[in-house]
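Chemist: Questions regarding the structure given below will be posed in turn.
The values are calculated or read from the model by the stated rules, or taken from the named source; none is laboratory data. Quick caveat, the model's predicted, so the values are computed rather than measured. Here the Cβ positions follow ideal geometry from the backbone for every residue, glycine too, while neighbour counts run over all protein chains shown. To get the accessible areas, we keep the full protein, side chains included, count just its heavy atoms, and leave off ligands, DNA and RNA. Shrake-Rupley method; radii C 1.70, N 1.55, O 1.52, S 1.80 Å.
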Amino acid sequence: MCGIVGYIGHRRALPLLLNGLKRLEYRGYDSAGIAIPHEGKLHIVKRAGTVAQLEALLSLTDFPATIGIGHTRWATHGEPIDRNAHPHVDSSGRIAIVHNGIIENYATLKAKLQQDGYTFHSDTDTEVLAVFIGALYEQYGNLELAVRTALSEVQGTFGLVVLSADHPDLLIAARRGSPIVIGIGENEYIVASDATAIVEYTRSVFYLTDDEMAILTRSGCRTKTIDDVPTSAQLLELEFDLERIEKGGFPHFMLKEIYEQPQTFRDAHRGRLLVQEGNVKLGGLRSVEKQLRQARRLILTGCGTSWHAALVGEYWIEELARIPVEVEYASELRYRNPVLYPDDIVIAISQSGETADTLAAVREAKLRGATVLGIVNVVGSSIARETHAGVYIHAGPEIGVASTKAFTSQLAVLMLLALYLGRMRHLSATQAQEIAAEMLRIPEKIRSILERSELIRDIACQYAHAQHFLYLGRGVNFPVALEGALKMKEISYIHAEGYPAAEMKHGPIALIDENMPVVVIVPRDELYEKVLSNVEEIRARRGKVIAIATEGDTEIEALANHVIPIPETLPLLTPILTVIPLQLLAYHAAVERGCNVDMPRNLAKSVTVE
Ligand code: G6P
């Protein structure tokens, strides 16, 4: 949510900032802007729209400065218009900040500053912070002290970078709740809201922790808390390559990521599945093995697609390990005064590891004494650091706003966890071996579904102008129906709902007529006949049935308007396959409707505000 980039070093800052903003644009694309010192003044160039539009505005400009800051915005306070774009400046115009997060007490601060005669030119909370820092700088004549004092009075969240025309050899970055990562090159530093803006310059990074700030000059870096206590940064090496964050010939990141799934699914279980032994090795959980053995209940939590993965996990863990599992939206868990016992295990699932609600749920569960684990993609992210233990999904950077490969990798890890917990209890080695062996075959099966992309595109084009879609599934495939509907809504803006197939008769059936496409997930499993009856009910009302069915199923072919076949697999594992055609269906429908697949309106990849 919002992309931040800052640079101090020996290269020209402008091209580097624009490049960084393009890499970060998936985090927000309502407006973009930069601040650069030139001839003793700060130059702020910003506008509503994309980074490419900002770049066009800057095409005739050539600032030689080797320091600067930039921002790409997902609007929270104030509409996405030019004057609300970041960077924001103080009243002198000599201090600029870029900010991610929300200043909750901005109204009080603004009123006080207005009383003191300060005026404001935007609707944002960030401008209030900029003016506040500027006012304190007038008082103290010391930028670092001004920033520290301002931040200690601020309530809310921030990841920010401050630049001043008076200090062309200084950048100050700080964090509370919104990630800030700092890349270390040779006499240069790149500050960003995530590592994608850094990896092409250096792999050596460190993350700020909450209430920590970094004071960066060309000759060195100091870190301290905002209460002025020195801290020491923990250096990390970034694990991904530049090509992981480029489109590699695909028209969209989302399509590239859909096609990466045979590989990313394998990466998620590589070295962890012990097929011969019918067991699983999860090094990240060793420290909590005792707690897992004794656990009487699991609570899985997350948001969006990660919450859907949790729902699949619930079926799997209950089935294989026979432990009661509850799944709860993180945004609900955090405010619900939940009953948590010390022998409960809370598992937070998050691609980014930064989702504000999920992070807050992690903190709440820790406060209440539960063991809290993370299933996270981004290494070093807040949730990864704040949980007691966890398992990385190793999907590599996910840039497409609509999550795809992270979902199937989350499923891979959840199945590993179900097997692990199952083997600690009653699951036999033979049963585990059968599932583990089939997990190894899944990547090839995903690939064979991807080969059907043209068939799926034809179907998507036929219904791309429908106003509504209904998605139905049962058992382990009910969460997939939810995920399919979410994908359709997110990127094509077609209203879509997911339902357990048997619930259709309790309401959604009223919507069905000849204009309603209904996607029915109907693999050959123990509920097959039941779902087939639902298909009959849809046909009787002239709804259009798009069936996701097992290859060679002639019965469904006779009933459905369209069939997208998936290879046969164990019934429990079908969600990993049935979701693939639904991702492609949404993708092709969105392209046919002319939607911007990688930058769907109003959405952001990583939601770091409540
Ligand atoms: C946003 C994204 C979704 C994602 C959700 C949870 O809404 O647009 O794609 O599923 O956040 O994100 P997380 O990073 O915690 O998995």
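Chemist: If you roll a 1.4 Å probe over the heavy atoms of the protein chains, what accessible area per residue do you get for the range 454-610, in Å²?
Modeler: Working: 5950 Å² over 157 residues.
Per-residue accessible area for the range 454-610 comes out at 38 Å².
Chemist: Could you check the simple spin-label distance between Glu503 and Arg293, using points 7 Å along Cα→Cβ, in nm with one decimal?
Modeler: 3.9 nm
Chemist: Quick one: how many Å² of Phe240 are accessible to a 1.4 Å probe, rounded to 10?
Modeler: Approximately 40 Å² of Phe240 is accessible to the 1.4 Å probe.
Chemist: Angle, helix 574-592 long axis vs. longest principal axis of the chain, Cα atoms, 0 to 90°, nearest 10?
Modeler: With rounding to tens, the tilt is 60 degrees.
Chemist: A further question on this structure: For the range 452-597, what's the relative contact order in percent, using C-alpha pairs closer than 8 Å and at least 6 residues apart?
Modeler: Computed over the range 452-597, the figure is 31 percent.
Chemist: Report the semi-axes of the equivalent ellipsoid for the range 468-610 in whole Å, largest first, where each axis is √(5λ) for an eigenvalue λ of the Cα gyration tensor.
Modeler: The answer is 25, 17, 14 Å, longest axis first.
Chemist: Sticking with this structure for a sec: Could you give me D for the chain, from Stokes-Einstein at 20 °C and 1.002 mPa s, where the hydrodynamic radius is the Kirkwood radius over C-alpha pairs? Units µm² s⁻¹, please.
Modeler: Working: Rh = 25.3 Å.
The estimated diffusion coefficient comes to 85 µm²/s.
Chemist: Distance in nm between label sites at Asp82 and Glu138, each 7 Å beyond Cα in the beta-carbon direction?
Modeler: Once both label points are built, they end up 2.7 nm from each other.
Chemist: Further, regarding this structure: Report the accessible area of Glu451, computed with a 1.4 Å probe over the heavy atoms of all protein chains in place, in Å² rounded to the nearest 10.
Modeler: 140 Å²
Chemist: To continue, here is another question. Protein chains only, probe 1.4 Å: how do Arg148, Arg11 rank by accessible area, largest first?
Modeler: On the way: Arg148 35, Arg11 85 Å².
These residues rank, largest area first, as Arg11, Arg148.
Chemist: So how tilted is helix 106-115 from the main axis of the chain? Cα-based, degrees 0 to 90, rounded to 10.
Modeler: 20 degrees
Chemist: Please check which bits of the range 39-55 a label hung off Asp62 would reach, taking the label as a point 7 Å along Cα-to-C-beta and the cut-off as backbone N under 18 Å.
Modeler: 39, 55
Chemist: Shifting gears a bit: If one computes the Cα centroid of the range 266-331 and of the range 22-50, what distance in Å separates the two points?
Modeler: Each part reduced to its Cα centre gives a spacing of 42 Å.
Chemist: Label Ser428 and Ser219 with points 7 Å out from Cα along Cα→Cβ: what is the distance between them in nm?
Modeler: Label at Ser428, label at Ser219, 7.3 nm between them.
Chemist: How much length is gained on full extension from Glu104 to Asp210, taking 0.36 nm per residue of separation minus their Cα-Cα distance?
Modeler: The span from Glu104 to Asp210 would gain 36.5 nm if fully extended.
Chemist: Taking the Cβ-Cβ separation of Phe250 and His121 as r and a Förster radius of 45 Å, what is the calculated FRET efficiency to the nearest 0.05?
Modeler: 0.65
Chemist: Quantify, in whole percent, the carbon and sulfur part of the accessible surface of the chain (1.4 Å probe; protein heavy atoms only).
Modeler: Taking all protein chains in place, the chain shows 48 percent carbon and sulfur surface.
Chemist: Between Asp169 and Arg368, what is 0.36 nm times their sequence separation minus the Cα-Cα distance? Round to one decimal in nm.
Modeler: Extra length available between Asp169 and Arg368 comes to 67.1 nm.
Chemist: When the dipole is taken about the Cα centre of the range 210-282, and only Lys, Arg (+1) and Asp, Glu (-1) are charged at their Cβ, what size is it in debye, to the nearest 20?
Modeler: With Lys and Arg at +1 and Asp and Glu at -1, about 280 debye.
Chemist: Which angle from 0 to 90°, rounded to the nearest 10, does the C-alpha axis of helix 528-540 make with the longest principal axis of the chain?
Modeler: Its long axis makes an angle of about 80 degrees.
Chemist: Can I ask one more? Can you give the accessible area of His308 in Å² (nearest 10), computed on protein heavy atoms with a 1.4 Å probe?
Modeler: Here the accessible area works out near 20 Å².
Chemist: Which order do Tyr118, Tyr499 take when ranked by solvent-accessible area (1.4 Å probe, heavy atoms of all protein chains), largest first?
Modeler: In descending accessible area the options line up as Tyr499, Tyr118.
Chemist: When the chain is fully extended, how far beyond the present Cα-Cα distance does Thr231 get from Gln53, taking 0.36 nm per residue of separation?
Modeler: Between Thr231 and Gln53, full extension yields an extra 60.1 nm.
Chemist: May I pose another question? May I ask for the distance between the Cα centers of the range 80-96 and the range 184-253, given as a whole number of Å?
Modeler: Comparing the Cα centres of the range 80-96 and the range 184-253, I get a distance of 24 Å.
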